[in-house]
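Peer 1: Once you've had a glance at the structure underneath, I'll fire off some questions.
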Amino acid sequence: MAQKPSIPKGTRDFSPVEMARRNYIFDTVKAVFQLYGFQPIETPAMENLSTLMGKYGEEGDKLLFKILNSGDFAAKANDADLADRNSIKLTNQISEKGLRYDLTVPFARFVVQYRNDISFPFKRYQIQPVWRADRPQKGRYREFYQCDVDIVGSDSLLNEFELVQIISDVFTHLRVNTVVKINNRKILAGIAEAIGEADRIVDITVAIDKLDKIGLEKVNEELLEKGVSQDAVDKLQPILKLSGTTDEKLDSIEQVIGATELGKKGIEEVRTFFNYISSVELNTEVELDLTLARGLNYYTGAIFEVKAKDVQIGSICGGGRYDDLTGIFGMPGVSGVGVSFGADRIYDVMTQLELFPEEAVASTKLLFVNFGEKEEAFCLPILRRLREAGVNAEIFPEAAKMKKQMTWADRKNIAWVVMVGEDEMNQGKVNLKNMKTGDQNLVSPEELVRLLAE
RNA sequence: GUGGUUGUAGCUCAGUUGGUUAGAGCGCCGGAUUGUGGUUCCGGAGGUCGCCGGUUCGAACCCGGUCUUCCACCCCA
């Protein structure tokens, strides 16, 4: 029985038009990365499960796609675990590889593995798909592309500043209105410490991150539910209600957390960062958002998130500083900072806003209509010369009906069509038709090449 | 992972309380135009109604399961 062809949930095919648009995004992102001195690397789609597991928290482990071992893996599995139907224990025995979940952890692995060949600070970019066994919904796919830029081996906040400029440049080129939100994990840690709940930092940050989504009351409820004391929640209130300019926010929060070591350091970092920001003109708004807590467990300093102003779709770019990601792979004391552009979400935003330029869909410039063998022989050398001159050109591969060939050219959005029949061959010329205006002219092959090569 | 939602022609969607042969628009193919596309006119093809099972004399319609879509939660690009 012929089954209906389909692809796995949360994955997508890309048509030529979609690819042209996606490449438009990738190309501009790439160009900006290179402008700032970053170099590309690639890593395999699959990594050893041991390098992936435990890096993204408990949730993350569940969202990893695991790859079954080759061969008769079931025979080697432990009988007791098989009988128990213990998925987690069983997984360890039948799977040792997984699809990468992001590009940062594989990059950390890469850095450690090639530490002797890399000169630090190492600035790399990486544009590849990642996979998450999440349930798909709007702007959320199981296979999607990330465009990562990271600097490892430098503590300087100049790197954070460079990243924000990259973000600004990318979205300026793409004509997407964005706001960059900045926070600092050290400030969050300082807050947790100052209110006497230092070890609850994760629960606290996750809860206050939802502030603009569920409101102050629900956040407080959630905090209490998670076991944060009433006293601590009370102390947190002034921080949640902070407003004003960046300087004002920093001044007020300093009064609360300035005494904690981490908090003090965090405030200092954010001040330095904003000094850099104010030293140049940026097209993008940069805002200190103390409720911004998103990000993976491994962030230790700055946290970034970029939102599209005109479309609601979650963040289209995010990142931060991680002080010791390479430590897990046996290389401690190397700090890194980076951001990741979500190409698929950027695509969705740009589609919704109709921001793709028409030229993004590159196509053939000229088509030779095929009239038959003799005419073919006449056209082929001319076609060759056009291509040598750098003109995207092609000939219809068979002598199909004129109407068929014209329709084909029209649908492929080809700008020019050349028709050569007996009359034209006798005169040694070709009939050049402009598909937009409908105008037709007899020109010599030399003229044709000259005209189209411009 | 939890709760909900969606699925009918290539695409967007109609389809009466369950009742003959399941429709439209767009697209596709052919013709008017044997050397001219995008406009117009005429004609044509295309469906196991997501899949499997059940109820019924009878199911696109009711019930169960499953897959898919989208949404909320969780989390995230």
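FYI, it's all coordinate maths here, none of it is from the lab. Computed from a predicted model, the values in this text were never measured in an experiment. Cβ coordinates were reconstructed from backbone atoms using ideal geometry, including for glycine residues, and neighbour counts include every protein chain displayed.
Peer 1: Which trypsin sites (Lys or Arg not before Pro) from region A:15-85 combine a DSSP loop assignment with at most 15 other Cβ atoms within 10 Å?
Peer 2: A:ARG85
Peer 1: Testing the spin-label approximation: label points 7 Å from Cα along Cα→Cβ at A:LYS218 and A:GLU394. State their distance in nm.
Peer 2: Here the modelled spin labels are 5.1 nm apart.
Peer 1: In whole Å, largest first, what are the principal axis extents of the Cα atoms in chain A?
Peer 2: 95, 64, 47
Peer 1: Separate question: Hand me the GluC sites (Glu not before Pro) from region A:66-170 located in a DSSP loop with no more than 11 other Cβ atoms within 10 Å, in residue order please.
Peer 2: The qualifying sites: there are none.
Peer 1: Between A:ARG12 and A:GLN34, what length comes free when the chain is fully extended (0.36 nm per residue of separation minus the Cα-Cα distance, one decimal in nm)?
Peer 2: Additional length available on full extension: 5.1 nm.
Peer 1: Counting every Cα pair in region A:362-453, what percent are over 21 Å apart?
Peer 2: Roughly 21 percent, once rounded to a whole number.
Peer 1: Normalise the Cα radius of gyration of region A:25-167 by 2.2 N^0.38 Å (N = residues in it) and let me know the number.
Peer 2: Against the compact-globule rule of thumb, the ratio is 1.27.
Peer 1: Can you tell me the Rg and the Dmax, both Å, for the Cα atoms in region A:314-355?
Peer 2: So, for region A:314-355, Rg and Dmax equal 15.6, 47 Å respectively.
Peer 1: May I ask you to compute the full-extension gain from A:LEU353 to A:LEU242, defined as 0.36 nm times their residue separation minus their alpha-carbon distance, rounded to one decimal in nm?
Peer 2: 36.7 nm
Peer 1: Same structure, new question: Past the 21 Å Cα-Cα mark, which pairs from A:LYS123/A:LYS249; A:LYS9/A:LYS66; A:LYS62/A:LYS123?
Peer 2: Flagged as over cut-off: A:LYS123/A:LYS249; A:LYS62/A:LYS123.
Peer 1: A follow-up question, please. Nearest 0.05, what FRET efficiency do A:ALA198 and A:GLU287 give at R0 = 22 Å with Cβ-Cβ as r?
Peer 2: That pair, A:ALA198 with A:GLU287, gives E of 0.25.
Peer 1: With a 10 Å radius around each residue's Cβ, average the other Cβ atoms per peptide and rank A:251-259, A:263-271, A:384-392, highest first.
Peer 2: For the peptides A:251-259, A:263-271, A:384-392, the packing ranking is A:263-271, A:251-259, A:384-392.
Peer 1: How far is the Cα center of region A:304-370 from the Cα center of region A:178-233, in Å?
Peer 2: So the separation of the two Cα centres works out to 28 Å.
Peer 1: If I stretch the segment between A:GLU373 and A:THR407 completely, what's the gain in nm (0.36 nm per residue apart, minus their alpha carbon distance), one decimal?
Peer 2: Full extension from A:GLU373 to A:THR407 adds 10.1 nm.
Peer 1: Can you pull out the chymotrypsin sites (Phe, Trp or Tyr not before Pro) in region A:98-204 whose DSSP state is coil and whose Cβ has at most 16 other Cβ atoms within 10 Å?
Peer 2: A:TYR114
Peer 1: Which whole-number percentage describes the relative contact order of chain A, with Cα contacts under 8 Å and a sequence gap of 6 or more?
Peer 2: 15 percent.
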